[in-house]
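Structure first, commentary second.
Just so you know, all these numbers are worked out from the coordinates, no wet-lab data involved. Here the structure is a predicted model, which is why all the values come from computation and not from measurement. When we count neighbours, we look across all protein chains shown, and the Cβ atoms used for this are built from the backbone with ideal geometry, even at glycine.
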Amino acid sequence: MSLEPDLQTAVNGISNLRITTDQKLLDGLSQLSNCASKEDLHLSPISRKKRRPDLKTLIENQQILYYKQFLGSITEIRDGVEHLHSNLSDLNEICESMSTNLRASKQSSRNLIDEISKLESERKKLMVEKNLAQAYLNAFQLSGEDLKILRTTDSSTAILNEDFFKVFERIQQIQTNVAILLKVGHQATAVEIMDQMGLLHETALEKIYRWAQSRVKHVENPELSDVLAKSLSYLQIRPMLLKYVLDEYCTHRRSLFVRSYIDALTGAGNIKGIELIGGADPARYIGDMLAFIHQSIPNEKENLTILLKHCNKIDLNDKIVTCMSTIMDGVCRPLNVRLEQTILSGLDCPVMNKIDMCIKFYVETIEQILPVSNLLATLTELYSLCHQTFINQLRCQVQAEVGEYRPPGPDLTPSPIIQALLSLLGDLLKDTLPSSPEQAEILIQLVTSPVVSQINDVANRLGSPDMGVYLCNCLNQINIFLEIYPITKTISNTLKSQIDSQMDRLSSEQSSWLIAQLGISHMYTILNDKVETPLSTVPGMDSASLKIFVNKLDSVINDPESVLLPQIYHLSDTGTRKYVQQQSFRILAAIYRKVYEAVINPKNGYPSEILKMDPKTLEDSLCSDTTEVDTKDT
Amino acid sequence: MSSGPYNYSYIFKYIIIGDMGVGKSCLLHQFTEKKFMADCPHTIGVEFGTRIIEVSGQKIKLQIWDTAGQERFRAVTRSYYRGAAGALIIYDITRRSTYNHLSSWLTDARNLTNPNTVIFLIGNKSDLDAQRDVTYDEAKKFADENGLKFVEASAKTGENVEEAFLETAKKIYESIQDGSLDLNAAESGVQKKPTANGARTLSSENAEGRNPSSCSC
């Protein structure tokens, strides 16, 4: 029985073992299973018993093996840890060296930063300096580009461009700047820059001048005119250069102008030249020539105005006029030759007069446009030549006509020469009077005074009544001619007074003639003698004589013309004739009144009724139609 | 360069003729200045005016010579007809005498200009219609009979002034275009302007070769 409970317990123990759940046990068992081989299973229990210590040894061995294995592993680990340790130590070392390095680089960075900031400030300073230098250069030096432009431009350049003028203005600007620089001190630099700029300035001016001089003749080219005008405005600061350019221009235009003048004279193309047309009419020839010149002036003026339009530092008007004068002066010689030739070619007075007026007109016209010019001087000279020639010619012609003594015919009419000269004068006045009354007066004087003196000359060789009649006839003719012209008052008045004195002379001639015809001169003497004795007893005053007187008087009243001087009939002007007649009749009437008064005076002892007519009636009947003469008389 | 002073292709010469006081100078003034000039003094000899106009896209410069109407200047003014491309004959519609003298002016114009000269008849003072002394129809008939262009214009109001000057230029330009006007003739009254370094430049350089004094007499 003892065994039985043991076994029971063992089996129970085993059955109580939760083999399947206890992994450890399972592992232990599987481990143990390896220890017994297959044969072991068939061992008898005794052997099994015997084998129990073996198992224990086995397990112990196993354990020892395990420990050994563990020890080996631990040793390995220890080696590994030792290795790790050495590695870490290395790492540490490296880290430490890195840290040192870092510290060092940190220091050097700080140094660098310092360096940089230092450089930065340096840079700033330099920048300022650079700007200053640039500003200095801008203010006082030309850029390379500018210099290149300046260098590459010369007179062969087709057109001076904007850039060139900009460079030029910069040079001028720099010169102004230098002046300031000089004022504020920097003498040496300023002088140096000034020299340099002065040189450049001269070069640039020279280039402008050369260019302008070579191109100035093309001012009518629209592409050049503006640039030329600009160039000239820059040349103003060197008046001589401007003058040379303008001289060049004037010389060129002058020759062009002369050529066009010659072309106009000779005819160009299919147009008749002035000379061809003018052949027949010298006055028109000269007029056309002068008109051509006058008409060329506006074009020249326009050109010059355009050329000089930017010039503001000179007297523009004066310059233009001077240049125009120079250009126009070109024609002086050819014009002078032609005009002189025409003037001296012995033309008629009326033609000469026309030419005279024409040149005078152009002298006045040109004087207004070109007051100081050879052209004006030439024209003035030609005018005086023409005027002198004309006046001399007129004087000679008049002298020649009136020079020789031509006694008047028996009818005492004016010589036909007077009429011819007057009609010549008329021709002249027709052209002269409207434009120049002064000249007209001179012409009238020139023609009339020799004629009048010749008339006087002729008249002086005539007998008294003939002379009066002739003078009256001639002077009247002149006066009638002059009356058309309003300006001839003085001459006309002189002539009139001369005529009047001749009329008075003729009147007295006629009166003497009348008194002689009637034979009453002794009566007049007796009446004036204041004799004391009765007049009827005085011979020549007796009744018989008075009767004869009355008879004669009757015949005069019946036919007043019969008692006229024969010459009086030749008075061409009826007014004058009447006046003379009336004057003589008035004297007759006055004598009659005296006789009548003596007769009716009883003291003189005349028989009554011897003089039937009273003086008033006689006067009325003789001088009845004298109204017009009376008015003239008063 | 488009607005340059020489920006024109042709120069035409005009003359203005007609009796004294018909308003020749006033017409010119109205045309060049676009203003009416009251109390205009008598012209002495000749006066000058200029204006640039446009015909068929061509710029043309008119050089206008305004002559004195007074008889005493007739001898002087006749010399200015020479080489005119256009002649404007003016009369005053309120004064018949100025109209009656037209034939004498026309004779002068025909004799003294070249056959291609365009003659334009202008009846001035059309603003004074109430004082009219010459009817439009009568003048028109005269113009037609003589182959003249005709308008009535007023220098005072400017009516038809522009038209008359432009019409004349247009006709001259037509003559140039159809070749009847020879530009090379010195007295055609028309000058052609060079565009750039053109004909004129050449000819002027030739001129230098010629000694001007050698052919002057």
Can you give the translational diffusion coefficient of chain A in µm²/s, computed by Stokes-Einstein from the Kirkwood radius over Cα pairs at 20 °C and 1.002 mPa s? 52
What is the Cα centroid distance between the stretch A:116-155 and the stretch A:335-397, reported in whole angstrom? 71
For the residue A:453, residue A:533 Cβ pair and Förster radius 60 Å, calculated FRET efficiency rounded to 0.05 is 0.65
Hey, how many Å between the Cα centroid of the stretch A:440-467 and the Cα centroid of the stretch A:228-258? 63
Of all GluC sites (Glu not before Pro) in the stretch A:371-428, the ones in DSSP coil with at most 12 other Cβ atoms within 10 Å are A:404
Relative to the first principal axis of the alpha-carbon coordinates of chain A, what is the inclination of helix A:3-16, with its axis defined by its Cα atoms, in degrees from 0 to 90 and to the nearest 10? 10
Less than 12 Å Cβ to Cβ from residue A:307, Lys/Arg counted +1 and Asp/Glu -1: what total charge do the surrounding residues give? +2
What aspartates and glutamates does residue A:301 reach when the alpha-carbon gap must be under 17 Å and sequence neighbours fewer than 8 apart in one chain are set aside? A:220, A:226, A:247, A:248, A:315, A:318, A:329, A:367, B:47
Compute the angle between helix A:437-460 and the longest alpha-carbon principal axis of chain A, please, reported from 0 to 90 degrees and rounded to the nearest 10. 20
Of A:513, A:536, A:147, farthest towards positive along the dipole that unit charges on Lys, Arg, Asp, Glu beta carbons give chain A: A:147
Radius of gyration, Dmax [the stretch A:136-218; alpha carbons; angstrom]: 14.1, 48
What dipole magnitude, in Debye to the nearest 20, does the stretch B:73-155 give about its Cα centre under +1 on Lys/Arg Cβ and -1 on Asp/Glu Cβ? 380
Fraction in percent of alpha-carbon pairs per bin - 5 Å, the stretch A:418-505: 3, 14, 27, 24, 15, 9, 5, 2, 0
Longer than 30 Å from Cα to Cα, which of A:118/A:148; A:552/A:578; A:319/B:24; B:59/B:149; A:313/B:34 are they? Say none if no pair is. A:118/A:148; A:319/B:24; A:313/B:34
Which aspartates and glutamates have a Cα lying under 17 Å from the Cα of residue B:141, excluding residues fewer than 8 positions away in the same chain? B:92, B:133, B:152
Kirkwood Rh over alpha-carbon pairs of the stretch A:104-173 plugged into Stokes-Einstein at 10 °C, 1.306 mPa s gives a D in µm²/s of 101
Given the rule -39500 (n - 2.57) for each run of at least 4 DSSP H residues, summed and divided by the residues of chain A, what is its mean residue ellipticity at 222 nm, to the nearest 500 deg cm²/dmol? -27000 deg cm²/dmol
Add +1 for every Lys or Arg and -1 for every Asp or Glu among the other residues with Cβ under 11 Å from the Cβ of residue B:149, and state the total. 0
What ranking do B:118, A:128, A:599 get, fewest neighbouring Cβ atoms within 10 angstrom at the top? A:128, A:599, B:118
The answer for the net charge of residues other than residue B:118 whose Cβ lies under 10 angstrom from its Cβ, with Lys and Arg +1 and Asp and Glu -1, is +1
³J(HN,Hα) computed for each position of the stretch A:357-367 - Karplus, 6.51 cos²θ - 1.76 cosθ + 1.60, integer Hz, glycine/proline x: 5, 5, 5, 4, 4, 6, 4, 5, 5, 5, 4
P(r) histogram, all alpha-carbon pairs of the stretch A:506-633 included - 10 Å bins from 0, percent: 12, 43, 30, 12, 2
When A:167, A:595 are arranged by how many other beta-carbons sit within 10 Å of their Cβ, fewest first, they go A:167, A:595
Positive end of the dipole of chain A, charges at C-beta (+1 Lys, Arg; -1 Asp, Glu), about the Cα centre: which of A:282, A:445, A:389 has its Cα farthest in that direction? A:282
Report Rg (one decimal) and Dmax (nearest whole number) for the stretch B:10-194, counting Cα atoms only, units Å. 15.3, 49
What is the spin-label model distance, in nm, from residue A:101 to residue A:179 if the labels are put 7 Å beyond Cα along the C-beta direction? 7.2
Compute the normalised compactness of the stretch A:508-569: alpha-carbon radius of gyration over 2.2 N^0.38 Å, N being the residue count. 1.27
